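Written out below as C-alpha cells is the structure these notes cover.
What follows is calculated from the coordinates using simple rules that are stated; it is not laboratory data. On a predicted model such as this, the values are computed, not experimentally measured, just so you know. Don't worry about glycine lacking a Cβ; one is built from the backbone with ideal geometry, like all the others, and counts go over all protein chains shown.
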Amino acid sequence: QVQLVESGGGLVQPGGSLRLSCAASGSIFSIYAMGWYRQPPGKQRELVAVFTSGGSTNYADSVKDRFTISRDNAKNTVYLQMNSLKSEDTAVYYCYRRQRGRDYWGQGTQVTVSS
C-alpha cells in the first residue's frame with residue numbers, strides 16, 4: 001500500500017501563488033508515475049501535471065507556463081508550484097501515484113482563488 005499526504009492548499013487572490021506538496025510513504029517502488037489532478041466545482045477530475053514513469057512531464061494546456069511540477073526523490077515528494085493563479089484554478093487538488101499497475105490517490109487539498 002501507498003499513502004499520499006498533500007499539503008499547501010488554501011485561499012489566494014488572483015495573480016497569487018501557492019505551492020502544493022505530496023509525500024508518498026509505504027510500499028514505494030522506484031518506477032512510478034506521480035503528479036497532480038484537480039476537480040473544479042461541478043466538473044470532472046482532470047490532469048494538471050504529472051511525471052511519467054519515464055521521467056518526462058505532462059501538463060494540461062491550461063496551466064502550461066504558470067505551473068511547475070518538481071520532485072525530491074530522496075523524500076518521495078512531488079511539488080506543484082502554481083503562479084499567476086486564476087479563478088478557474090479553483091478546485092480540489094489530488095495527488096496521484098501509479099506504480100506496478102495500481103493507482104493511488106491522496107485525500108485532496110482545496111485551492112480557492114478569489115478576491
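Estimate the FRET efficiency between Ser87 and Arg19 by the formula 1/(1 + (r/R0)^6), using the beta-carbon distance for r and 25 Å for R0, to the nearest 0.05. Intermediate values should be presented prior to the final figure.
Values: r = 19 Å, r/R0 = 0.76.
Efficiency, from the Cβ-Cβ distance: 0.85.
Dipole of the chain (Lys/Arg Cβ +1, Asp/Glu Cβ -1, origin at the Cα centre): which of Ser21, Leu11, Ser114 lies farthest to the positive side?
Working it through, the farthest residue towards the positive pole turns out to be Ser21.
Order these peptides, 14-21, 89-96, by their mean beta-carbon neighbour count within 10 angstrom, highest first.
89-96, 14-21
Note down the relative contact order for the chain as a percent, whole number, built from C-alpha pairs under 8 angstrom at least six residues apart. Kindly include the intermediate steps, with their values, before the conclusion.
Details: 276 pairs, mean separation 42.1, N = 115.
Normalised by residue count, the contact order of the chain is 37 percent.
About its Cα centre, how strong a charge dipole does the chain have in debye, to the nearest 20, once Lys and Arg get +1 and Asp and Glu get -1 at the Cβ?
Working: 13 positive and 8 negative charges, 50 e Å.
Roughly 240 debye for the chain.
Run the reach check for Lys64 against lysines, Cα to Cα strictly under 25 Å, same-chain hits fewer than 8 apart removed. What comes back?
Leaving aside lysines fewer than 8 places away in the same chain, those within reach of Lys64 are Lys43, Lys86.
With the dipole of region 15-84 worked out from charges on the C-beta (+1 for Lys and Arg, -1 for Asp and Glu) around the Cα centre, which of Phe51, Asn73, Tyr37 lies farthest toward the positive end?
Tyr37
Below 8 Å, C-alpha to C-alpha, sequence gap of six or more: please give me the relative contact order for region 47-115 in percent.
Numbers: 83 pairs, mean separation 14.2, N = 69.
Dividing the mean separation by the residue count of region 47-115 yields 21 percent.
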